[in-house]
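These notes are about the structure you will find just below.
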Amino acid sequence: MERSKSLTTRAFAIYKITLVVILFLFVGFYAITHIQKGGWFGYLIGFGYPFLVMAYWYPSFLRRIKSMKELSYDSENLYVKEKNYEIQIPYHLVKDVEIVSLDGLYKFKLFQHDQFGDEIVCKPSIWYPLNYKRIDAELNRIRSYVRKAHRVYKEQIGSDRSLPSN
């Protein structure tokens, strides 16, 4: 099978770094604003808020960033690119494909827990709100591949379960 182009944007690494930088800038400006106000409440919020964000929200944020993978596909499989290798995932193992954020993050839910978890998140385009028709058409093609693979897989399982006749 010939692979289609990569589903993940070329500026993927830049996107991941930019998200982390924006988080740190937001938390830093928020803390500085409250510290400048002064008073015990300003100092408490100014120093406590970054601690709370880093202790409670940042780990889940990092998990989401790490779950973002580079994907490519063909009519039979998804290919997840890791650092030194590539993992092939047949479409019948994909449970669902859905959009999870307004900036165009797509989540591929899997039936089984693989080495990178039970979901894969990808960013098809940096300019998602502006080119949503093209990206959504591409992901609808993948959804049709998933539905077709589920039908074929269920038919195959059904024929394997039938009793042999004498």
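Take the conditions more than 20 Å from Glu70 (Cβ to Cβ) and in a loop (DSSP other than H, G, I, E, B) and apply them to Pro129. Does it pass? If you could, list the steps in order and put the result at the bottom.
Details: more than 20 Å from Glu70 (Cβ to Cβ): yes; in a loop (DSSP other than H, G, I, E, B): yes.
The answer is yes for Pro129.
Is there a residue in the stretch 135-156 that is in a loop (DSSP other than H, G, I, E, B), at pLDDT 85 or above and in contact with a Pro (Cβ under 9 Å, 6 or more places away or on another chain)? Break it down into steps so the answer makes sense when it comes.
Here is the first cut: in the stretch 135-156, the ones in a loop (DSSP other than H, G, I, E, B) are none.
No - not one qualifying residue is present in the stretch 135-156.
Conditions first: (1) closer than 16 Å to Ile142 by Cα; (2) surrounded by 15 or more Cβ atoms within 10 Å (Cβ to Cβ); (3) without any contact (Cβ under 8 Å) to a residue 60 or more places away in the chain. Glu98 passes all but one, so which condition is the exception?
It is condition (2) that Glu98 fails.
Kindly provide the set of residues from the stretch 53-91 that are aromatic (Phe, Trp, Tyr) and touching a residue at least 24 places away in the same chain (Cβ under 8 Å), ordered by number.
Those that are aromatic (Phe, Trp, Tyr) and touching a residue at least 24 places away in the same chain (Cβ under 8 Å): Tyr58, Phe61, Tyr73, Tyr79, Tyr91.
So which residues in the stretch 45-63 are surrounded by 12 or more Cβ atoms within 10 Å (Cβ to Cβ) and not small (Gly, Ala, Ser)?
Correct list: Ile45, Phe47, Tyr49, Pro50, Leu52, Val53, Met54, Trp57, Tyr58, Phe61, Leu62.
Given the structure, is Glu119 within 17 Å of the chain's Cα centre (by Cα), assigned to a helix (DSSP H, G or I), under 26 Å from Ala11 (Cα atoms) and of a type in the set (Asp, Glu)?
On the way: within 17 Å of the chain's Cα centre (by Cα): yes; assigned to a helix (DSSP H, G or I): no; under 26 Å from Ala11 (Cα atoms): yes; of a type in the set (Asp, Glu): yes.
So Glu119 fails the test.
Test of understanding: among Lys66, Lys107, Lys37, which residue is exposed (fewer than 14 other Cβ atoms within 10 Å of the Cβ) and closer than 30 Å to His150 by Cβ?
From the options Lys66, Lys107, Lys37, the qualifying one is Lys66.
When the stretch 5-25 is examined, which residues are found to be part of a helix (DSSP H, G or I) and in contact with a Cys (Cβ under 9 Å, 6 or more places away or on another chain)?
Phe12
Right, Gly28: in a helix (DSSP H, G or I), touching a helix residue (DSSP H, G or I) at 6+ places or on another chain (Cβ under 9 Å) and loosely packed, with under 14 Cβ neighbours inside 10 Å or not?
Yes; evaluated as a whole, the condition is true for this residue.
The values are calculated or read from the model by the stated rules, or taken from the named source; none is laboratory data. Keep in mind that this is a model prediction, so the values were computed, not measured. Ideal geometry is used to build each Cβ from the backbone, glycine not excepted, and the neighbour counts take in all protein chains shown.
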